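Here the structure comes first, spelled out in structure tokens, and everything after it is commentary.
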């Protein structure tokens, strides 16, 4: 009986070790879930646009869209999207920012959509740098007229870039403290914090951002817990404000569209001022 118990325990330990090993080996695939096929373009949503190709400093080429407002703009929004799909799945969100009078630059990270390379945390930071250079040098946009927007995983490059540059404002939606915290929430049976090689540590960076910040999160978010969004907000330096919305992780901006647009409009009116053209 004792030998059987020992064998069972050893079998469970080996099985658990195998699960831990697989989680470590495939963590990038769990985090980065790119889609290569573009399902639509801004034209399909009635928005004229320009295709842009950006070169990173390590030799990758990023594909994106420059989507100007039809009239005089109040500023330009640099859009960092989440971990799945590609830019073609963000057109409803781009339309909302257009309603607010913003030009939009949205670019796929390396390995996403038509961008070259393979995604990684450090690589995505290089992608963010390339986007900033394009806006401030090629498009000659004044930094104070640029709004950096990050949704979900996009909060990682957004906070990284905003802590290094001087944008006019920052909007962070459904963002997490860091990747290990999210992983530990979903996989509490695994030693996630010991295994994680990706961090995207928003909590440690927001205090370094001088620009006004708007945080947006839903209590109904089942992907990134609301409490993690509140922790990032608590760590941020003033000026800052928090908007609680309804809906899930992927549709809160639509479910709460009226309150969402009203809050962003008021935030921009207060902190961004008149446009860049």
| task | Could you list all residues from segment 153-195 that are more than 22 Å from residue 122 (Cβ to Cβ) and surrounded by 21 or more Cβ atoms within 10 Å (Cβ to Cβ)? | result | 168, 169, 171, 173, 174
| query | Is one or more of the residues making up segment 79-97 within 23 Å of the chain's Cα centre (by Cα), modelled with pLDDT under 90 and part of a loop (DSSP other than H, G, I, E, B)? | reply | no
| request: Considering each of 270, 240 in turn, give the residue that is without any contact (Cβ under 8 Å) to a residue 60 or more places away in the chain and loosely packed, with under 15 Cβ neighbours inside 10 Å. | output: 270
| query | Condition test on residue 176, is it under 14 Å from the mean Cα position of the chain (by Cα) and assigned to a loop (DSSP other than H, G, I, E, B)? | reply | yes
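Would you check which residues across segment 48-69 are free of Cβ contacts under 8 Å to residues at least 24 places away in the same chain and either out of contact with any strand residue (DSSP E or B) (no Cβ under 9 Å at 6 or more places or on another chain) or not in a strand (DSSP E or B) (or both) and list them? Before you say what the answer is, go through the steps one by one.
Taking segment 48-69 and keeping what is free of Cβ contacts under 8 Å to residues at least 24 places away in the same chain, we get 48-51, 53, 59.
48, 49, 59, listed by residue number.
For residue 76, indicate whether it is farther than 21 Å from residue 204 by Cα, part of a strand (DSSP E or B), more than 13 Å from the chain's Cα centre (by Cα) and in contact (Cβ under 8 Å) with a residue 12 or more places away in the chain. Talk me through it step by step, then tell me what you get.
Values: farther than 21 Å from residue 204 by Cα: yes; part of a strand (DSSP E or B): yes; more than 13 Å from the chain's Cα centre (by Cα): yes; in contact (Cβ under 8 Å) with a residue 12 or more places away in the chain: yes.
It is true that residue 76 is farther than 21 Å from residue 204 by Cα, part of a strand (DSSP E or B), more than 13 Å from the chain's Cα centre (by Cα) and in contact (Cβ under 8 Å) with a residue 12 or more places away in the chain.
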| field | segment 179-202, residues that are farther than 17 Å from residue 149 by Cα and in a loop (DSSP other than H, G, I, E, B) | value | 187, 188, 189, 190, 191, 196, 197, 198, 199
| request: Determine whether residue 204 is under 18 Å from the mean Cα position of the chain (by Cα) and surrounded by fewer than 17 Cβ atoms within 10 Å (Cβ to Cβ). | output: yes
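Rundown of residues vs (1) over 25 Å from residue 246 (Cα atoms); (2) in a loop (DSSP other than H, G, I, E, B); (3) out of contact with any helix residue (DSSP H, G or I) (no Cβ under 8 Å at 6 or more places or on another chain), yes/no style:
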site	(1), (2), (3)
126	yes, no, yes
130	yes, no, yes
150	no, no, no
204	yes, no, no
| query | Taking segment 25-72 only, how many residues are farther than 21 Å from residue 127 by Cβ, buried (at least 18 other Cβ atoms within 10 Å of the Cβ) and at pLDDT 95 or above? | reply | 2
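The values are calculated or read from the model by the stated rules, or taken from the named source; none is laboratory data. Just so we're clear, the structure is a prediction, and the values are computed from it rather than from any experiment. Every residue, glycine among them, receives a Cβ derived from its backbone with ideal geometry; neighbour counts consider all protein chains shown.
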